[in-house]
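**Q** The following block contains the structure, expressed as C-alpha cells.
The values are calculated or read from the model by the stated rules, or taken from the named source; none is laboratory data. This is a predicted model, so every value here is computed, not measured. Quick reminder, even Gly has a Cβ in these numbers, built from the backbone with ideal geometry, and neighbours come from all protein chains shown. Note: areas computed on protein heavy atoms with side chains; ligands, DNA, RNA excluded. Shrake-Rupley method; radii C 1.70, N 1.55, O 1.52, S 1.80 Å.
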Amino acid sequence: MNKKRLPLTLTAALISAAILLPVAPHTASAAASDASVIAFITASLEQKKPTFVLNMSLSQFARVNRLLDSAAVKSGPYTRYTLDRIQTRAKINGSKASVTFSALYLESKQQADYVIAQAKATLKTLIKPGMSQDEKVKVIHDYIVTRLAYDESLTRYSAYEGLTQGTTVCQGYTLLGYRMLTLAGIETRIVEGDADGISHVWNKIKLDGRWYNLDMTWDDPTPDQKNEVSYTYYLVNDKTLDRNHNWKKTNVPAAVSDYRSLLAKKAETSSQHRNLLDAIGGEMTTTTASLQTKVLAAIDNQTAQLEVMHDFGSLSPKSQLDRIMKACLDTPVSEVNFAYKVASNGTAIIRFSFTY
C-alpha cells in the first residue's frame, strides 16, 4: 500500500529570522533568564496565542531562534505538531528588546478544543465497561481508520480537518490518535521520520510495559475503501517497521516485542483476548515451516477455510507457497486454493480454502 505524503510542517524549519522593526504597543512580560523566555513561549504556544510580547535582553534576542526551538521541543506533542510557523518583530531600546511573536497554527484554540470534545464524546461510545487496554487500542485504531480518508490533495494536515472534512494526511491521523489514545489512558508518543522516502509521522504506544508502533495512516487503504481496516502496521515492532520506515532511534523508546505472540499467550486462557487476536488476523507465522504446520493442521481437522497472517520478509512468496502446496499432496485434501496480497513491509494475510 503505497501512499504519497506531503513533508511535515514542523516548527524548526519555519521559524522566521527576527527582524528589527518598530512594533505597536502590547502588554509585555519581562524575561530575566533564558529559562524564563523558554517557559513563557512554551506556555503561550500551549494556549495557542496568535500574538504575544516578551521583553528581553539584546543577548537573548540574538539567540531568539534557538530559544524558540527549545520552547517548541518543550511543548506537548499535540501543540508541537499543530504549530505551523512563528514570526518575530522587535523594538530595540538601549540594551533591551521588546519582541512580538506572531504564531500560526494548523488548529486554532477553538478547533483544538473541538477535537478534544469530539474525542471524549466518541470514546464514551467506543469504550465499554471491562474493556482491556488492548481492546481500547483496537477500537480507537478502527474508528480512526474508518472515520478518516487519506487526503490525496495533500492540503489538510490536522485532526480538526479530519473530523470536520473527513480527510487529512498522516499528521492528522497521528494527532487524532495521540489525542484519543491519551484520553483513554494509553501512553502515546508521536514518531517522526519517513516511509518509502517520504516524510511521515505515526504513533508509538505502550501496553503492558512494552512499546509498539501503530501506523493508522498505512492501515487505511488508499484510495479510500469505506469500512476497510488493515492490521499490517498494527502494534508492530521496530524490526518489522524498519523495512519501509526510517526514523532517528535516539530519544524514542524501542519496540522489540512481538505483540501477536504475546496476545496469543493471553488468548490461551482468555476468550476475550482470543476474539481480539482473531479480529486482527491471528498470530503471525514467520517461517515456511510454521505456516506449513498451520495449513496441515487445518487439513487434519477438515477445515474448509483458513486465514493466516504470515511474514514473508524478503523471501519469495511463490517459493514458500509452492513448498506448502507440495506438502498438501500427501494429505486427504483434493483441492487447495489461496489468495494473498503482500504489504510493503513483507507481511500478508493468506486466505486458504480446502476441498475434500
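**Q** Using the Karplus equation 6.51 cos²θ - 1.76 cosθ + 1.60 (θ = phi - 60°), what ³J(HN,Hα) coupling, rounded to whole Hz, does each residue of segment 171-182 give in order, writing x for Gly and Pro?
**A** 4, x, 4, 5, 5, 5, x, 4, 5, 6, 5, 5
**Q** Assuming R0 = 45 Å, what is the FRET efficiency of Gln305 and Asp113, from their Cβ-Cβ distance, to the nearest 0.05? Could you put the intermediate results ahead of the total?
**A** On the way: r = 48 Å, r/R0 = 1.06.
Calculated value: 0.40.
**Q** Could I ask something else about it? Over segment 236-356, with the other protein chains present, what is the accessible area per residue in square angstrom, probe 1.4 angstrom? Intermediate results must be reported in sequence, preceding the final value.
**A** Details: 6630 Å² over 121 residues.
Heavy-atom accessible area per residue stands at 55 Å².
**Q** Anything over 31 Å Cα to Cα? Flag those among Lys206/Lys318; Lys49/Lys128; Lys128/Lys226; Lys248/Lys318; Lys74/Lys136, in the order listed. The partial results should precede the final answer.
**A** Working: Lys206/Lys318 36 Å; Lys49/Lys128 37 Å; Lys128/Lys226 24 Å; Lys248/Lys318 34 Å; Lys74/Lys136 28 Å.
Table pairs above 31 Å Cα-Cα are Lys206/Lys318; Lys49/Lys128; Lys248/Lys318.
**Q** Working from Cα positions, state the angle (0 to 90°, nearest 10) between the long axis of helix 34-46 and the longest principal axis of the chain.
**A** 60
**Q** Of the accessible area of segment 70-179, with the probe set at 1.4 angstrom, what percent is carbon plus sulfur? Before the final figure, lay out the partial values.
**A** Numbers: 2210 of 4510 Å².
Carbon-and-sulfur percentage of accessible area, whole number: 49.
**Q** Let me ask something else. Please report the relative contact order for segment 87-222, taking Cα pairs under 8 Å with a sequence separation of at least 6, and give it as a percent rounded to a whole number.
**A** Taking the mean separation of contacting Cα pairs over the length of segment 87-222, I get 18 percent.
**Q** Quick one: of the DSSP bridges fully inside the chain, what percent are antiparallel, nearest 5? Walk me through the numbers before you get to the answer.
**A** On the way: 47 of 57 bridges.
Beta bridges within the chain, antiparallel portion: roughly 80 percent.
**Q** Ok, one more. With a cut-off of 8 Å between alpha carbons and a minimum separation of six or more residues, what is the relative contact order of the chain in percent? Write down the numbers at each step before the final one.
**A** On the way: 626 pairs, mean separation 42.4, N = 356.
Over the chain, the number comes to 12 percent.
**Q** Give the longest segment of the chain that steers clear of trypsin sites (Lys or Arg not before Pro) in DSSP loops with at most 13 neighbouring Cβ atoms within 10 Å, not counting the sites themselves. Kindly include the intermediate steps, with their values, before the conclusion.
**A** On the way: sites that count: Lys4, Lys226, Lys248, Lys249, Lys341.
That would be 5-225.
**Q** Taking amide H positions as placed 1.01 Å from N in the peptide plane, with prolines and chain starts having none, which residues 5 or more places from Ile350, or on another chain, fall under 5 Å of its amide H?
**A** Val308, Met309, His310
**Q** Then there is this: Taking only protein heavy atoms into account and a 1.4 Å probe, give the accessible area per residue of segment 45-204 in Å². Please list the in-between numbers first.
**A** Values: 6480 Å² over 160 residues.
Heavy-atom accessible area per residue stands at 41 Å².
**Q** Just how far, in whole angstrom, is segment 216-232 from segment 48-116 if you go by their alpha carbon centroids?
**A** Cα centroid to Cα centroid, the span is 36 Å.
**Q** Given a 1.4 Å probe and heavy atoms of the protein chains only, how would you sort Leu106, Leu276, largest accessible area at the top?
**A** Details: Leu106 35, Leu276 10 Å².
Ranked list, largest accessible area first: Leu106, Leu276.
**Q** Another question, then. Would you tell me the accessible area of Tyr178, worked out with a 1.4 angstrom probe on the heavy atoms of the protein chains, in Å² to the nearest 10?
**A** Solvent-accessible area, nearest 10 Å²: 30 Å².
**Q** Accessible area of Thr293, 1.4 Å probe, to the nearest 10 Å²?
**A** 90
**Q** Just to check I understand the Karplus step: with θ = phi - 60° and J = 6.51 cos²θ - 1.76 cosθ + 1.60, what whole-Hz values come out for segment 195-209, glycine and proline as x?
**A** In residue order, the calculated couplings are 9, 6, x, 10, 3, 7, 9, 7, 9, 10, 10, 10, 10, 6, x Hz.
**Q** Just to confirm the filter: which GluC sites (Glu not before Pro) across segment 208-284 are DSSP coil and have at most 14 other Cβ within 10 angstrom of their Cβ?
**A** Numbers: sites: Glu228, Glu268, Glu283; in loops: Glu228, Glu268, Glu283.
Answer by residue number: Glu228, Glu268.
**Q** Rounded to the nearest 500 deg cm²/dmol, what is the calculated helix-only ellipticity per residue at 222 nm for the chain, with -39500 (n - 2.57) per DSSP H run of length n ≥ 4? Let's see the in-between values first.
**A** Working: 13 runs with 134 residues, N = 356.
About -11000 deg cm²/dmol.
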